[in-house]
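Notes for the one structure printed next.
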Amino acid sequence: MTSPFSSFENTTLTFQVADGTYATNAVGNRSLNTKSEIIKAVLKPTTDTSTVNRYANEIQQFAGADGHATLLEGYLVEPQVYPKGVEFLAEADIEINVAIGKPETGRFKLLPVVQSPYVVAMGIDAITPIRGIFRRN
(Lines give C-alpha, C1' and ligand atoms only; values in the text may rest on other atoms or scores of the structure.)
Protein backbone atom coordinates (compact mmCIF):
# COMPACT_ATOMS: atom_id res chain seq x y z
CA MET A 1 0.00 0.00 0.00
CA THR A 2 1.37 3.41 -0.88
CA SER A 3 1.25 6.39 1.42
CA PRO A 4 -1.58 8.88 0.93
CA PHE A 5 1.15 11.55 1.15
CA SER A 6 3.32 10.24 -1.73
CA SER A 7 2.56 13.14 -4.04
CA PHE A 8 3.50 15.67 -1.32
CA GLU A 9 6.93 14.25 -0.40
CA ASN A 10 9.40 17.07 0.22
CA THR A 11 12.01 15.64 2.59
CA THR A 12 14.76 13.01 2.65
CA LEU A 13 16.19 12.03 6.04
CA THR A 14 19.31 9.87 6.32
CA PHE A 15 19.81 8.23 9.72
CA GLN A 16 22.96 6.31 10.64
CA VAL A 17 21.89 3.20 12.61
CA ALA A 18 23.93 0.37 14.08
CA ASP A 19 24.17 -2.66 11.81
CA GLY A 20 25.14 -5.10 14.58
CA THR A 21 28.83 -5.39 13.69
CA TYR A 22 31.98 -3.83 15.12
CA ALA A 23 35.31 -2.64 13.80
CA THR A 24 38.50 -2.79 15.85
CA ASN A 25 41.10 -0.06 15.40
CA ALA A 26 44.92 -0.43 15.69
CA VAL A 27 44.93 0.01 19.49
CA GLY A 28 42.13 -2.52 20.05
CA ASN A 29 39.19 -0.19 20.60
CA ARG A 30 35.93 -1.39 19.13
CA SER A 31 33.50 0.92 17.40
CA LEU A 32 30.03 0.17 16.14
CA ASN A 33 29.55 -0.02 12.37
CA THR A 34 26.54 1.81 10.97
CA LYS A 35 24.34 1.70 7.90
CA SER A 36 22.21 4.40 6.34
CA GLU A 37 18.43 4.29 6.77
CA ILE A 38 16.66 6.66 4.41
CA ILE A 39 13.21 7.99 5.23
CA LYS A 40 11.11 10.02 2.81
CA ALA A 41 8.54 12.29 4.43
CA VAL A 42 6.30 15.29 3.99
CA LEU A 43 7.22 17.97 6.54
CA LYS A 44 6.19 21.55 7.17
CA PRO A 45 6.87 24.07 9.94
CA THR A 46 4.39 23.74 12.78
CA THR A 47 1.90 26.54 13.27
CA ASP A 48 0.80 25.43 16.75
CA THR A 49 2.43 27.88 19.17
CA SER A 50 1.76 25.64 22.18
CA THR A 51 3.80 22.86 20.55
CA VAL A 52 6.63 25.27 19.76
CA ASN A 53 6.58 26.54 23.35
CA ARG A 54 6.66 22.97 24.68
CA TYR A 55 9.86 22.25 22.74
CA ALA A 56 11.42 25.74 23.07
CA ASN A 57 14.38 24.63 25.21
CA GLU A 58 15.08 21.63 22.98
CA ILE A 59 14.93 23.83 19.86
CA GLN A 60 17.29 26.40 21.38
CA GLN A 61 19.82 23.75 22.50
CA PHE A 62 19.81 22.01 19.10
CA ALA A 63 20.19 25.31 17.22
CA GLY A 64 23.32 26.24 19.16
CA ALA A 65 24.65 29.68 19.91
CA ASP A 66 24.59 31.05 16.37
CA GLY A 67 22.03 28.79 14.78
CA HIS A 68 18.41 28.91 13.83
CA ALA A 69 16.14 25.91 14.17
CA THR A 70 12.56 25.20 13.16
CA LEU A 71 10.07 22.68 14.53
CA LEU A 72 8.74 20.54 11.66
CA GLU A 73 5.77 18.17 11.63
CA GLY A 74 4.37 15.83 9.03
CA TYR A 75 4.03 12.20 7.98
CA LEU A 76 6.25 9.39 6.76
CA VAL A 77 5.98 8.55 3.06
CA GLU A 78 8.52 5.76 2.52
CA PRO A 79 8.80 3.60 4.55
CA GLN A 80 5.43 4.12 6.16
CA VAL A 81 6.68 3.04 9.61
CA TYR A 82 9.94 3.86 11.36
CA PRO A 83 12.73 1.42 10.38
CA LYS A 84 14.36 -0.68 13.08
CA GLY A 85 17.12 1.30 14.76
CA VAL A 86 15.60 4.74 14.15
CA GLU A 87 14.66 5.94 17.60
CA PHE A 88 13.35 9.18 19.04
CA LEU A 89 16.03 11.82 19.71
CA ALA A 90 18.19 10.34 16.93
CA GLU A 91 19.76 12.82 14.53
CA ALA A 92 19.80 12.62 10.75
CA ASP A 93 21.03 14.52 7.73
CA ILE A 94 18.10 16.26 6.06
CA GLU A 95 17.36 17.66 2.64
CA ILE A 96 14.05 19.50 2.49
CA ASN A 97 12.39 21.43 -0.32
CA VAL A 98 10.86 24.39 1.48
CA ALA A 99 10.08 26.08 -1.84
CA ILE A 100 10.04 24.73 -5.38
CA GLY A 101 13.62 24.46 -6.61
CA LYS A 102 15.05 25.62 -3.26
CA PRO A 103 16.32 22.55 -1.37
CA GLU A 104 17.91 23.18 2.02
CA THR A 105 20.21 20.85 3.93
CA GLY A 106 20.96 20.52 7.59
CA ARG A 107 20.46 18.30 10.61
CA PHE A 108 17.19 16.90 11.94
CA LYS A 109 16.52 15.71 15.50
CA LEU A 110 13.63 13.25 15.74
CA LEU A 111 11.25 14.09 18.59
CA PRO A 112 8.69 11.80 20.24
CA VAL A 113 5.24 11.93 18.73
CA VAL A 114 2.06 10.14 19.77
CA GLN A 115 -0.05 8.37 17.18
CA SER A 116 -3.76 9.21 17.12
CA PRO A 117 -5.78 6.71 19.23
CA TYR A 118 -8.30 6.45 16.38
CA VAL A 119 -5.60 5.47 13.90
CA VAL A 120 -4.25 2.85 16.33
CA ALA A 121 -7.72 1.44 17.08
CA MET A 122 -8.58 1.15 13.39
CA GLY A 123 -5.26 -0.56 12.60
CA ILE A 124 -4.30 2.03 10.02
CA ASP A 125 -0.56 1.80 9.35
CA ALA A 126 -0.33 4.11 6.33
CA ILE A 127 -0.30 7.27 8.45
CA THR A 128 2.73 7.62 10.73
CA PRO A 129 3.40 11.10 12.13
CA ILE A 130 6.88 12.57 12.41
CA ARG A 131 8.07 15.61 14.37
CA GLY A 132 11.52 17.05 14.77
CA ILE A 133 13.81 20.03 14.84
CA PHE A 134 15.48 21.20 11.63
CA ARG A 135 18.77 23.10 11.88
CA ARG A 136 20.11 24.60 8.66
CA ASN A 137 23.75 24.07 7.74
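Entry remark, the stretch 97-137: residues being more than 21 Å from Val17 (Cα to Cα), touching a Gly at 6+ places or on another chain (Cβ under 8 Å) and surrounded by 12 or more Cβ atoms within 10 Å (Cβ to Cβ) number 1 in total.
From the list Glu58, Glu73, the lone residue that is of a type outside the set (Val, Ile, Thr) and crowded, with 18+ Cβ neighbours inside 10 Å is Glu73.
Restrict the check to the stretch 5-16 and report whether at least one residue is among the aromatic types (Phe, Trp, Tyr), open to solvent by less than 70 Å² (accessible area, probe 1.4 Å), under 25 Å from Gly123 (Cβ atoms) and in contact (Cβ under 8 Å) with a residue 60 or more places away in the chain. Yes, the stretch 5-16 has at least one match. Of the set (1) within 18 Å of Ser3 (Cα to Cα); (2) open to solvent by 70 Å² or more (accessible area, probe 1.4 Å); (3) of a type outside the set (Gly, Ala, Ser), all apply to Leu89 but (1).
The values are calculated or read from the model by the stated rules, or taken from the named source; none is laboratory data. On a predicted model such as this, the values are computed, not experimentally measured, just so you know. When we count neighbours, we look across all protein chains shown, and the Cβ atoms used for this are built from the backbone with ideal geometry, even at glycine. Accessible surface areas use protein heavy atoms only, side chains included; no ligands, DNA or RNA. Shrake-Rupley method; radii C 1.70, N 1.55, O 1.52, S 1.80 Å.
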